[in-house]
1. Per the Debye formula with a single identical scatterer at each Cα and no solvent contribution, what log10 I(q)/I(0) holds for the stretch 322-421 at q = 0.13, 0.19, 0.24 Å⁻¹?
2. Note down the magnitude of the dipole of the chain about its Cα centre, charges +1 on Lys and Arg C-beta and -1 on Asp and Glu C-beta and zero elsewhere, to the nearest 20 debye.
3. Place the peptides 324-331, 402-409 in order of packing, highest mean first, counting for every residue the other Cβ atoms within 10 Å and averaging per peptide.
4. Between Gln120 and Asn183, what is 0.36 nm times their sequence separation minus the Cα-Cα distance? Round to one decimal in nm.
5. Rounded to the nearest 500 deg cm²/dmol, what is the calculated helix-only ellipticity per residue at 222 nm for the chain, with -39500 (n - 2.57) per DSSP H run of length n ≥ 4?
6. About the Cα centre of the stretch 185-344, how large is the charge dipole given +1 on each Lys and Arg Cβ and -1 on each Asp and Glu Cβ? Please answer in debye to the nearest 20.
7. Sort the following peptides by mean Cβ neighbour count (other Cβ atoms within 10 Å, averaged over residues), highest first: 388-398, 179-189, 58-68.
8. Once amide H atoms are placed 1.01 Å from N in the peptide plane, what residues at a sequence separation of 5 or more from Glu73, or on another chain, have their amide H within under 5 Å of its amide H?
Amino acid sequence: MHRLLDRPTQLTNFKWETPGFGPLTYEAALKTTALAATLLFAHGQTTECTVTAAERLGRVLGVTVRVLPYWDEIIVELDGAPLSQIVPAKPLGVDMGRVLAVTMVLDQVCHGTLSAEAAQSALEEAGRLPTASTPRFTLFAAIGAASLGIIFGTLDATSLLLIAACAAIGALVRRWLSGFSNNPLIQPLCAAFIAGVVAAAAGRFQLSDAVPLVAFCPCMVLIPGPHILNGAIDLARTRIALGIARLAYSGVIVLLICAGGLFGFTAVDANLAIAGSSPPVPLVIDVIAAGCAVASFGTFFSMPWRLLAFPIAAGMLAHAARWALISVAGTNAATSTLVACTLVSVLVAPVADRLHLPFAALAFSAVVSLMPGFFLFNAATGLVELVSIGPSAPAALLTGIATDCATAFLIITAMTFGLILPRMLFERVWRAPA
């Protein structure tokens, strides 16, 4: 839905000639620019790239515009004239295929190979591109969760099959729910609940020795990493309100994932024990599993098949570097994660611009296996145990919860800084102006 601000103006029906395009009106230019900005913003593009692309399109259409993104709307203002376009938009989704298609349309308009009159319909068509098919989405959810199980230390075939089954069922339920409700919070809650139920049943019937991994590996594929990164980038660029809104949205999803898993255990009347430290995984297996996890998240973000090879290679290289830093150099988890994410950002930043892909989605898919889900899950489990025990809880439990929370916070902070600092440096120093 689009609407103009109700302001009196004599510019409404003014037309001008744009070379190669023909006569256009201010309303037409604003409508096309606003649609492009909305599609990029709503499907995971960084705020800065969204604003830059929309302003570039406006200049090509013969107008100078200001793009003002907020959590629930985008305002496109015509500079020097009392005319604006307000478009409802929420950055809830991540779809690299649609972002790529929209950017290709913008490039065609800017290069003169697509008329401005045809741009509107081309953008609408790009915004209707289908997401990854349900069979592909389900298959890669299973592969991704099982790969994370391997990375976190289980090579037991039964446990891996249970993890894959949880993730596959959760993926089907998420797709089914998407046809009934547009609420983005219901899907991760229900998928995590299913993982909790299956893990609790596996523990009760002694089907697996890695019950905590059966519970939280399917939940890991629900983590809203791109939203966390986009929020951090917005904060770094002093878009404080938008950055806080993105991070709050991400935080609510993480809380619902933890709650869903724990509710699943409660429904089966089972107690989830805090997981012990995972055993080391051989380098080759670790790197291959990391590549499979990257491919899975690329699928979740609707990345075209032909583009998956690059993030897979970057993710495998980053995981190999982290493995070497921990196993050979003896560095801690936060430091090794910082180095690995910095390496990924250095590799991904120029490619994301070159291929017109959302940096946050591309970068997060390469480093998803580094997320501290193990520590977050243990902290949530410890808090539940603390509540059930009450004032007589042992000091070791409190210390464990604090340690897990602090470790998860440090790792997430290291990932954030490692990914966004090289990106912002690239934008400032090397990237050519639009």
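1. -0.56, -0.89, -1.14
2. 340 debye
3. Per-residue mean Cβ counts within 10 Å order the peptides as 402-409, 324-331.
4. Here the segment from Gln120 to Asn183 would lengthen by 19.9 nm.
5. Result for the chain: -22500 deg cm²/dmol, rounded to the nearest 500.
6. Using only the charged Cβ atoms, the result is roughly 400 debye.
7. 58-68, 179-189, 388-398
8. Residues meeting the criterion, in which the H sits 1.01 Å from N, are Ala89.
Readers should treat all values here as calculations from the given coordinates under stated rules, not as data from a laboratory. Remember, predicted model here, so these are calculated numbers, not experimental data. Glycine gets a Cβ as well: all are built from the backbone with ideal geometry, and neighbour counts include every protein chain shown.
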